[in-house]
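The values are calculated or read from the model by the stated rules, or taken from the named source; none is laboratory data. Just so it is clear, the structure is predicted and the values come from calculations on it, not from any experiment. Glycine gets a Cβ as well: all are built from the backbone with ideal geometry, and neighbour counts include every protein chain shown. Calculation scope for accessible area: heavy atoms of the full protein, side chains included, ligands and nucleic acids excluded. Shrake-Rupley method; radii C 1.70, N 1.55, O 1.52, S 1.80 Å.
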Amino acid sequence: HKVVEALVNRTEHLKTDKKEWLDVALYWILNLGKDDFKMISDMPQPNEEDKIESYFIELVNGFSDDICQMMKELVKKSEEVFGSSISEALNYIATSRFGLRDSDLELLLDSDWDYINFSRFRMWFAPFLKESYGDKRWNFTDNKFKEIIRTQTEDERNTNRHKTLSAMLQKLDFSDPVRRTD
């Protein structure tokens, strides 16, 4: 009850889209990692219920009022859980026009590609990634989130990423479906 109260109190004075902020906050709360559980167990309260409640209230009160900042922090958390190759995959998806397939990401990430890890990440990040078109290209559900990923890196890195992507796709045969579509 106190956690819901804390969420309601935080949304009352927000200047950004309250529904979007609440969506990200709830997603964050519902996707705790092992570090979160370690922090809960280290809380000073005497019983488990109080520890959990206290941790969630601190978490909610620690969220930024800025939805963009919350999304950046969510990406940072995903890197901690799934590794830095996830952030590279997100950057490639964000800089692609129509999204990328698993085979595209495998080609681009080369030795850093881990299909199992990316599958786990897709399940974890499901509200923000969607599978579009008939050929299973991954893209963001929200253009704001896509833009956040793009701006998280410097412009020069984005330009280099586009050049790398184009160079790799240019090497492919004209009949290759990856080249034809992208």
Those residues of the stretch 45-65 which are of a type in the set (S, T, Y) and not in a helix (DSSP H, G or I) amount to S64
Considering only residues of the stretch 55-65 that are in contact with a Lys or Arg (Cβ under 9 Å, 6 or more places away or on another chain) and either touching a residue at least 60 places away in the same chain (Cβ under 8 Å) or not hydrophobic (A, V, I, L, M, F, W, C) (or both), which is least open to solvent (accessible area, probe 1.4 Å)?
-> S64
When only residues in the stretch 67-116 that are of a type in the set (K, R) and under 10 Å from the mean Cα position of the chain (by Cα) count, which is farthest from R150 (Cα to Cα)?
-> K77
Within the stretch 66-101, how many residues turn out to be open to solvent by less than 30 Å² (accessible area, probe 1.4 Å), in a helix (DSSP H, G or I) and in contact with a helix residue (DSSP H, G or I) (Cβ under 7 Å, 6 or more places away or on another chain)?
-> 16
